[in-house]
Amino acid sequence: MNASPPNELHGASRLTRLPAQVLLSAVLLTAPPHMVAGVFEATLNGLRISIDGQTGSIVGLDYPGPGRMLAAPPASAGLLDVAYPIPEFEPLRLASRFSAAPQIEKTGETVVITWRELGASRPYFHPDGAVGATVWLQAMPDGRSVALKCRIVNGSKRPVPQVLFPDLHGFLPFAGKEDTVLRTAGFARRPFVDVQATTYPEFYAYDRRSDTREMIEFYGGGDFGEADSMIGRWLDFGGLRGGLSLFPRVWSEAPKTKVRLYRLEKDPNVRLMYLHDTAIAPGATWESPEYVLTPHRHGWAKGIEPYREFVASRIQRRFPVPAHVREGFGFRTIWMCRGYPADGGRDVVFKVSDLPRLAAEAREHGLDELVIWFWHEHFALPAPPPYAHLGTPEEFAAAIRECNRLGVNVSLFVSLISVAEPAASRYGWKVGEGWTYHPELIPPFRAPYAHGHRTHQVRTDDPNLDVWQQDVLTSIKDIYGRYTRSICWDQSYPEWEGLFEKFLPWAKEHDPRATFGGEIVGSTERSANFLDYTWNWASGSYGNNFMAPYRDDRAFTASFRSPRLNMNVNRNADHVKIYFMDNGYINVMPGAPDDANCTAWIGDYPALSRTLKQCAALRRQFLRCFADGTLIGDGLLDRPCPGTHIDAYVLPDRVLFIVMNTDDAARAVEFNVDLQPWLASRTGKYEVRAYDQDGHPVGAAAAIGSAWQGRTAPLNRFDLALAPTTRLEPTRVLRLWNPDVPIILKKAVETRRSRRAQR
């Protein structure tokens with residue numbers, strides 16, 4: 001087995017690439033491993049890693065702050081596991097925990113674990129030859145992370161169809177069962193509460209679909225919007241005092257990342273594994289991606305910092321996100337009709353003549369982008385003109401110009417990736433189910449008797465694809481020339497990035513406000529190259545459960561600067577507050593009673609209107625924090641604050657802190673904040689000033705220290721607030737606020753009194 005690390009293992013401490021026999025000799029000449037009671041211990045960038053000397057599995061992980069995060073007995077500990085099906089017993093596995101006599105060596109800042117032959121889960125079944133493996137654990141040059149990488153050599157006569165690496169057994173509820181969180185860019189779950197054995201009488205072999213499950217599989221780097229989608233590839237396991245962040249250094253060209261979480265009745269601690277469905281043929285070698293493991297003090301926002309740097313290094317945007325989107329509060333979506341023009345006036349929702357008034361209403365509510373659906377016949381190519389029963393093309397163009405004059409950019413929704421008849425036949429394609437829907441169909445979507453919008457889903461291997469692409473380019477150029485240089489693309493599969501690159505310069509190089517929004521389908525990583533914002537139905541809800549009140553994707557906003565994720569709001573004013581706090585790009589789409597989405601005026605719902613105006617004004621007041629600050633969620637907290645939703649934004653000279661009461665009862669919220677880890681102060685003092693949710697200063701001012709215990713005034717459910725304080729003369733301004741009481745924190749200079757005391 002070659003003991004040298006794979007080429008991708010990066011960093012200044014990478015071992016020199018030497019012939020295998022020379023490097024192995026160098027390793028064997030190092031000091032003997034530090035063994036305590038049969039356990040090898042090594043500390044890499046502050047993370048103490050305990051490895052069982054008999055199996056090579058990790059039995060402990062410790063870090064200052066969170067303390068002991070993982071503990072497992074050797075018999076169940078993990079690190080590496082592979083499937084090795086044989087005819088007599090297909091569930092057979094080979095794993096570190098079944099192995100014996102591994103070679104564990106440490107040289108410099110690298111630990112190398114070598115198994116000449118992985119042991120089997122059934123000792124009476126023997127592999128047809130040895131399956132050997134090597135794992136490298138290496139301190140990274142950032143001074144905080146550890147790189148993990150694995151190489152497997154299949155010396156047997158059978159393929160190895162699946163690899164689990166890293167496979168970490170024994171995560172503890174080290175932040176408490178209620179407050180130990182598994183967080184990804186797409187959700188946050190409490191594994192010691194949400195993941196457990198079910199009592200429902202369902203077939204045991206299915207992945208659990210009940211409210212509680214003992215095993216769950218997540219996906220990252222693909223399947224945006226699906227249930228349990230990680231959106232990115234990063235995860236964090238921990239709480240407010242610290243934890244572990246982990247991600248593979250791969251991007252959109254790699255297969256999607258699969259993560260599986262187990263919590264079984266016999267072992268109530270958590271097993272976390274990455275799945276690789278890569279067949280290793282007999283005689284072949286397989287190498288894992290490099291994983292970055294970052295232990296950290298404080299909340300997840302500290303652990304995500306290396307991932308944010310990695311993401312920034314991989315996104316390659318030709319055009320920046322337009323300023324009004326980057327800084328914007330949200331956008332408005334309308335449906336001009338329901339897609340059946342023969343129904344005449346009953347089909348109409350908004351006429352072309354309504355557009356300026358809709359734009360004025362949007363602007364009044366802080367929305368400066370208007371996305372228009374059903375302005376023409378969707379799924380048709382070349383793209384047809386606007387529906388005649390809504391207005392003429394000339395009236396449509398004039399109305400859009402007036403919207404622009406009012407300060408609202410207009411984006412036309414186009415659906416060209418799904419093609420209906422007669423265009424489909426012209427390309428030689430057959431239509432399938434498609435997208436037929438209407439409020440009076442039963443059921444409203446894809447009623448079995450309604451086929452008017454059956455479509456063909458365009459694929460990259462379709463015949464006559466060049467003809468379709470030319471029709472698309474001609475249609476987009478016509479829309480850009482006649483109406484607007486902003487479009488919202490239905491189903492923006494990343495496979496069409498090359499097509500987008502052909503027409504986006506026609507808009508972006510001539511209009512700095514030109515936008516390209518779209519529905520992410522597949523990889524968020526590639527979509528970050530070209531989408532300015534998303535238009536996804538599932539945004540803001542948990543997976544496809546639109547009744548779920550909240551899906552926590554703040555880690556995406558904290559790590560990806562583009563695209564801005566849309567958060568859909570129908571009529572619920574409380575959702576506006578949460579999405580505003582989280583820096584979501586709010587898609588306001590109220591529906592009229594018993595009608596489709598996007599068919600009502602905002603003013604039809606006074607509570608929605610009032611809350612939109614309120615939050616839009618707060619965003620303008622504290623715009624720099626939202627647009628340029630780093631979202632850290634509840635990271636300022638020193639301990640949990642139950643019954644609240646909390647966010648903070650960090651800038652080099654200030655912090656914005658927001659608190660919402662989510663309890664049913666009105667109450668004063670008490671909180672404990674530690675500012676120093678996020679905003680260092682040489683004096684250890686800060687200045688804070690409170691604002692109410694209307695942006696008015698509240699109360700008197702006072703200086704505070706880094707450790708701040710605060711208490712709000714009584715807050716009703718979904719009210720926002722923070723403790724009132726007074727303003728001192730600052731040198732640098734720092735803002736801390738709460739939606740009911742946004743707060744301005746200013747870094748304090750020493751007062752004259754303190755200077756006199758020093759003299």
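For the chain, the C-alpha radius of gyration sits at 1.04 times the compact-globule guess of 2.2 N^0.38 Å, with N the residue count.
Fraction of C-alpha pairs exceeding 27 angstrom in the stretch 523-667: 24 percent, rounded to a whole number.
Let me know the whole percent of all Cα-Cα pairs from the stretch 20-314 that are separated by more than 26 Å. Show your work: numbers first, answer last.
Values: 19142 of 43365 pairs.
I get 44 percent for the Cα pairs in the stretch 20-314 exceeding 26 Å.
Overall size of the stretch 84-126 from C-alpha positions, given as principal axis extents largest first: 45, 14, 13 Å.
Looking at the stretch 303-405, which chymotrypsin sites (Phe, Trp or Tyr not before Pro) are DSSP coil and have at most 12 other C-beta atoms within 10 Å of their C-beta?
Details: sites: TYR307, PHE310, PHE329, PHE331, TRP335, PHE350, TRP373, PHE374, TRP375, PHE379, TYR387, PHE396; in loops: PHE329, PHE350, PHE374, TRP375, PHE379, TYR387.
Listed in order of number, the matching sites amount to none.
For GluC sites (Glu not before Pro), the sites in the stretch 236-333 that DSSP calls loop and that have at most 15 other Cβ atoms within 10 Å are GLU253, GLU265.
When each of the peptides 519-527, 188-196 is scored by how many other beta carbons lie within 10 Å of its residues on average, the order from highest to lowest is 519-527, 188-196.
Students often check this: by mean Cβ neighbours within 10 Å, which of 598-609, 112-123, 143-154 ranks highest, and how do the rest follow?
Working: 598-609: 17.2, 112-123: 18.9, 143-154: 21.9.
Averaged packing, sorted descending, gives the order 143-154, 112-123, 598-609.
What you get for the chain, charging only the Cβ of Lys and Arg (+1) and of Asp and Glu (-1), is a dipole of about 2680 debye around the Cα centre.
Just how many % of Cα pairs in the stretch 364-495 lie over 23 Å apart, if you round to the nearest whole percent?
Values: 3479 of 8646 pairs.
Of all Cα-Cα pairs in the stretch 364-495, 40 percent lie more than 23 Å apart.
Projecting the Cα atoms of LEU118, ILE658, PHE218 onto the charge dipole of the chain, computed from C-beta unit charges around the Cα centre, puts ILE658 farthest toward the positive end. Cross-link reach is defined here as a Cα-Cα straight distance under 16 Å, omitting same-chain residues fewer than 8 places apart; for LYS502 the lysines meeting it are LYS477.
None of the figures in this text is laboratory data; all of them are computed from the coordinates on show. Computed from a predicted model, the values in this text were never measured in an experiment. Note that we place each Cβ from the backbone using ideal geometry, even for glycine, and neighbour counts take in every protein chain shown.
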